[in-house]
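Here it is, the structure, as structure tokens.
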Amino acid sequence: MDDLNLVDRGCCSGHVGSCSKLNVFDWLSDVNNVASPTDLVEVRFKNTRKDYFRNVNNLKLNLGEIVAVEASPGHDIGIVTLTGDLVLEQMKKHKVTLINGEIRKIYRKAKTADIDKWKEAIALEHQTMLEARQIAIHLNLNMKIGDVEYQGDRTKAIFYYLADDRVDFRQLIRVLADTFHIRIEMKQIGARQEAGRIGGIGPCGREICCASWINNFVSVTTNAARYQDISLNPQKLAGQCGKLKCCLNFEVDTYIDAQKDFPPTHFQLESENGIYQYMKADIFSRIYWYTQVGDKSGTFIPVPVDRVKEILQQNQKGKKVARLVQDLELKPAAEKLEFEAGSDRDTITRFDVPKTQGGKKHGNNNRRRKFRPKA
């Protein structure tokens, strides 16, 4: 029971919550609503599924407790994740399952028999998924059974599947019902949801976002990569789900704001030394990089964005500038490179150099000093 509780609540669960994907920080936990207390409770199940129930029996429920709740049919087993006034705010964001137009009820705290039956149902899920995949292949259905979730009383099972096109699985439901002798419910999920269910480590070295905190998936397009001047390499832009990485959308708004006054990049710059074409951009440093047409050395010339605007205005008037970058613009950059190259910060032995005072090195800094205890 402890292992199941730990998996559902997250690996770093504590008195302030957990790192679970569906964890909600209860910022109203220290406010006691005496006037109009609510009996609504948030309960979490498998596969990032949670729902809301009424505590009609006025049970004293704490976070992490296992409860038996009303289902259709029978009862289900879940874990309490939130109580109090914040549940009302959460219900506005998530869809609530109703039975006959009413919110379902919490029956009781789970008994030992309930938990044992729940564990038995969980143990059957993997084998059921494998058998269901074989049945789908035998029926020539273009779909993949991603996971199976048994109801707590083992009278019903939810089959999560992936499919690119519409699938007629009526025959599959009949075969599954006859094989496992349970009620069948089919739910379609996407590739991102499946990757979040499986989990993994991203190229950033952290747990993938869809498995740790993302609940609502938004569309990601290659325009997000273009705005950030990222190379359109499918192998690097695709995540473990085979789709574009969700993190491409995280900073795209900042990049769009930074480029509002940037000049277009499809124009060439004309100078007395030749014609230069755009190669790449350092957006937050506000620098465009150009290379001379016909130059095979691969030399890139950094040009500030404001300077690019001036050159384009001169070119539109039919004038050619003497040089792309003025001397005043190059001087600070050269001084900065010289300072960094000559500084001691880039040497691995910089901590071995004795400290100086008044321009003189102290030869006895590396010696061990003897301290006598005070009498």
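The values are calculated or read from the model by the stated rules, or taken from the named source; none is laboratory data. In this text the structure is predicted, and so the values were computed from the model without any measurement. Ideal geometry is used to build each Cβ from the backbone, glycine not excepted, and the neighbour counts take in all protein chains shown.
Would region 217-236 turn up any residue that is within 23 Å of Arg323 (Cβ to Cβ), surrounded by 13 or more Cβ atoms within 10 Å (Cβ to Cβ) and either out of contact with any strand residue (DSSP E or B) (no Cβ under 8 Å at 6 or more places or on another chain) or not small (Gly, Ala, Ser) (or both)?
no
For region 163-186, give me each residue that is of a type in the set (D, E, K, R) and assigned to a loop (DSSP other than H, G, I, E, B).
Across region 163-186, the qualifying residues are Asp164, Asp165, Arg166, Asp168.
Taking only pairs six or more apart or across chains, which ones have beta-carbon atoms under 8 Å, a first residue in region 56-67 that is closer than 7 Å to Ile79 by Cα, and a second residue that is among the β-branched types (Val, Ile, Thr) and surrounded by fewer than 18 Cβ atoms within 10 Å (Cβ to Cβ)?
Ile66/Ile115
Residues are listed down the side, and each one gets a yes or a no for (1) among the acidic types (Asp, Glu); (2) out of contact with any Asp or Glu (no Cβ under 7 Å at 6 or more places or on another chain):
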| position | (1), (2) |
| --- | --- |
| Lys117 | no, no |
| Glu120 | yes, yes |
| Arg133 | no, yes |
| Ala136 | no, yes |
| Leu139 | no, yes |
| Asn142 | no, no |
| Leu162 | no, no |
| Asp165 | yes, yes |
| Leu172 | no, yes |
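Rundown of residues vs (1) aliphatic (A, V, I, L, M); (2) in a strand (DSSP E or B), yes/no style:
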position	(1), (2)
Tyr255	no, no
Tyr276	no, yes
Lys280	no, yes
Tyr290	no, yes
Lys296	no, no
Thr299	no, no
Pro302	no, yes
Gly318	no, no
Leu324	yes, no
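Residue pairs, Cβ under 8 Å, 6 or more apart or interchain, first in region 202-214 and in contact (Cβ under 8 Å) with a residue 12 or more places away in the chain and assigned by TED's automatic domain parsing to the domain that holds Phe250, second surrounded by fewer than 13 Cβ atoms within 10 Å (Cβ to Cβ) and in a loop (DSSP other than H, G, I, E, B). List them.
The qualifying pairs are Ser212/Arg206.
When region 137-160 is examined, which residues are found to be over 26 Å from the mean Cα position of the chain (by Cα) and aromatic (Phe, Trp, Tyr)?
Tyr150, the sole residue that qualifies.
Sticking with this structure for a sec: Is at least one residue of region 187-196 β-branched (Val, Ile, Thr), in a loop (DSSP other than H, G, I, E, B) and surrounded by 14 or more Cβ atoms within 10 Å (Cβ to Cβ)?
yes
Of all residues in region 7-41, which are at pLDDT 65 or above and either of a type in the set (S, T, N, Q) or at positive phi (or both)?
Those that are at pLDDT 65 or above and either of a type in the set (S, T, N, Q) or at positive phi (or both): Asn23, Ser29, Asn32, Asn33, Ser36, Thr38.
Ok, one more. Looking at region 35-67, which of its residues are in a strand (DSSP E or B) and of a type in the set (S, T, N, Q)?
Answer for region 35-67, where residues must be in a strand (DSSP E or B) and of a type in the set (S, T, N, Q): there is none.
Hey, among the residues in region 266-304 that are in contact (Cβ under 8 Å) with a residue 12 or more places away in the chain and at positive phi, which one's surrounded by the fewest Cβ atoms within 10 Å (Cβ to Cβ)?
Only one residue fits best here, namely Gly294.
If you don't mind, another one. For residues in region 197-216 being of a type in the set (Gly, Ala, Ser) and over 21 Å from Arg44 (Cα atoms), which is surrounded by the fewest Cβ atoms within 10 Å (Cβ to Cβ)?
Checking each candidate, the answer is Gly205.
Which fully enclosed strands (runs of 3 or more DSSP E) of region 68-162 have 3 or more residues being under 24 Å from Asn23 (Cβ atoms)?
Per the criteria, 75-83, 144-150.
Next question. So, in region 104-136, of the ones that are within 32 Å of the chain's Cα centre (by Cα) and among the basic types (Lys, Arg), which residue ends up farthest from Glu65 (Cα to Cα)?
Taking the candidates together, the pick is Arg133.
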